[in-house]
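Visitor: Below is the structure I would like to discuss, written out as structure tokens.
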Amino acid sequence: MARPKVDDPEARLKIAAAAEALFAQRGYEGTAVRDIAKKAGVNGAMIHYYFGSKEGLYRAILEGAASKVRALLVETSSSRASTESRLAAFVDAYSAYILSEPNLARILYREMLTGAKHLMRIAEKYAVTNYTILRDTMREGIKHGELRAIDAELAPISLMGMIVIFQFLRPIISVALGKNAYDEKFVNRVAAHTIDLFLNGAAAEGRPKKSSRKTKPGVSRR
């Protein structure tokens, strides 16, 4: 394979953008390298040069997303602000990112439905650390009395899921709310709603907060 005389960042970005759109539309198995090259307007050899293979290109897209989330978490968690402020800052940033990336959401959804084989290969490098940063932020908030004694192991998953669901259910939301496009105003609304619901719950002010879940006979509550 002939090596390009100089690296072309623009070509690399065009390849990644074309691949992301096709992977979202057709899935990993349904997307061919030649189709990516055609959509990007490049020679197929350039894909192999920059990414090694179709799998390398696919993983680069997944790793890029995980790396972006890592950067958002590091930036917001390193602040000296209160736990509530740090969580709100992360939710704002994460909402702005994930709700502006419909193709990425479709790729992740397809990946989950097909066993997450590719995603699992980068989970240890990114997902575990991303989860840990958010979990430790919440544990710190609990320790200092800023958060009540929630389940800090499950809470990070719930928080991120509350945002991602607006992308996964976008077709249904477009019908229910008439939102064909997620503009800045709507994204800000989602972020504000998420942090409010997560931190304050939905119970009316002054109402005793107790679990309505009933314990099955013979099952102890921890």
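Visitor: For region 130-144, take each phi angle, set θ = phi - 60°, evaluate the Karplus expression 6.51 cos²θ - 1.76 cosθ + 1.60, and give the result in whole Hz per residue in order, putting x for glycine and proline.
Guide: Rounded to whole hertz, the list is 4, 4, 4, 4, 5, 4, 5, 4, 5, 4, 5, x, 5, 4, 8.
Visitor: Across 5 Å bins from the origin, how do the percents of Cα pairs in region 34-76 run, short distances first?
Guide: Each 5 Å bin holds this share of Cα pairs: 5, 22, 22, 18, 11, 10, 8, 4, 0.
Visitor: Quick check on the chain: helices-only [θ] at 222 nm, where DSSP H runs of length 4 and up contribute -39,500 (n - 2.57) each and the sum goes over total residues. Nearest 500, please.
Guide: Working: 11 runs with 146 residues, N = 222.
Value at 222 nm, helices only, nearest 500: -21000 deg cm²/dmol.
Visitor: What are the ³J(HN,Hα) values, in whole Hz, obtained from phi via the Karplus relation 6.51 cos²θ - 1.76 cosθ + 1.60 with θ = phi - 60°, for each residue of region 85-102 in sequence order, with x given for Gly and Pro?
Guide: The phi angles translate into 5, 5, 5, 5, 5, 5, 4, 4, 5, 5, 4, 4, 6, 6, 7, 9, 10, x Hz.
Visitor: When the dipole is taken about the Cα centre of the chain, and only Lys, Arg (+1) and Asp, Glu (-1) are charged at their Cβ, what size is it in debye, to the nearest 20? Mind showing how you got there, number by number?
Guide: Numbers: 35 positive and 23 negative charges, 152 e Å.
In debye, rounded to 20, the chain gives about 740.
Visitor: Would you kindly calculate the translational diffusion coefficient of the chain, applying Stokes-Einstein with the Kirkwood radius from alpha carbon pairs, for 4 °C and a viscosity of 1.567 mPa s, and quote it in µm² s⁻¹ without decimals?
Guide: On the way: Rh = 19.9 Å.
Translational D for this selection: 65 µm²/s.
Visitor: Could you compute the net charge surrounding Thr31? Neighbours are other residues with a C-beta less than 14 Å from the C-beta of Thr31; K and R count +1, D and E count -1.
Guide: Details: positive: Arg26, Arg34, Lys38, Lys39, Lys54, Arg59, Arg106, Arg110; negative: Glu20, Glu29, Asp35, Glu55, Glu111.
For residues surrounding Thr31, the net value is +3.
Visitor: Relative contact order for the chain: what percent, with Cα pairs under 8 Å and sequence separation of 6 or more?
Guide: Details: 169 pairs, mean separation 44.9, N = 222.
Across the chain, relative contact order equals 20 percent.
Visitor: Okay, next question. When only Cα pairs under 8 Å and 6 or more residues apart are kept, what is the percent relative contact order across region 1-52?
Guide: RCO, region 1-52: 41 percent.
Any read-out appearing in this document is the output of simple, stated calculations on the displayed coordinates, not a laboratory observation. These numbers were taken from a predicted model, which means no experiment stands behind them. In this analysis, Cβ positions are derived from the backbone assuming ideal geometry, glycine residues included, and neighbour counts consider all displayed protein chains.
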